[in-house]
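**Q** Sharing a structure with you now.
Every number in this text was worked out from the coordinates using simple rules, so none of it is lab data. All of these numbers come straight from a predicted model, not from anything done at the bench.
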Amino acid sequence: MQEVATSALAMARREIGAGEFAARSCESTPQTALVWACGTVGQSIIRCRSSAHSPDSGNR
């Protein structure tokens with residue numbers, strides 16, 4: 001995300017054009033999405049495992 005902010009600032013200062021800004025933004029978007037997706041999967045696994053072993057689940 002910092003790369004997008006830095007690129008936006010550079011574009012506002014007219015140091016780079018719209019095409020360069022788009023290219024830099026596209027490079028960081030998949031990385032951000034991957035981090036979000038892996039975090040979501042990890043949280044789901046933790047929740048499933050912790051609820052399976054909770055006293056209310058019947059697994060004593």
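**Q** What list of ³J(HN,Hα) values in whole Hz, one per residue of segment 23-29 in order, does the Karplus curve 6.51 cos²θ - 1.76 cosθ + 1.60 (θ = phi - 60°) give from phi, with Gly and Pro shown as x?
**A** 5, 5, 5, 5, 5, 8, 4
**Q** Which cross-chain or sequence-distant (5 or more) residues have an amide H under 5 Å from the amide H of residue 16, H modelled 1.01 Å from N in plane?
**A** Result for residue 16 returns 11.
**Q** Could you give log10 I(q)/I(0) at q = 0.19, 0.26 Å⁻¹ for segment 2-52, computed by the Debye formula over C-alpha point scatterers of equal weight, without solvent?
**A** With no solvent term, the Cα-only Debye profile gives -0.65, -0.88.
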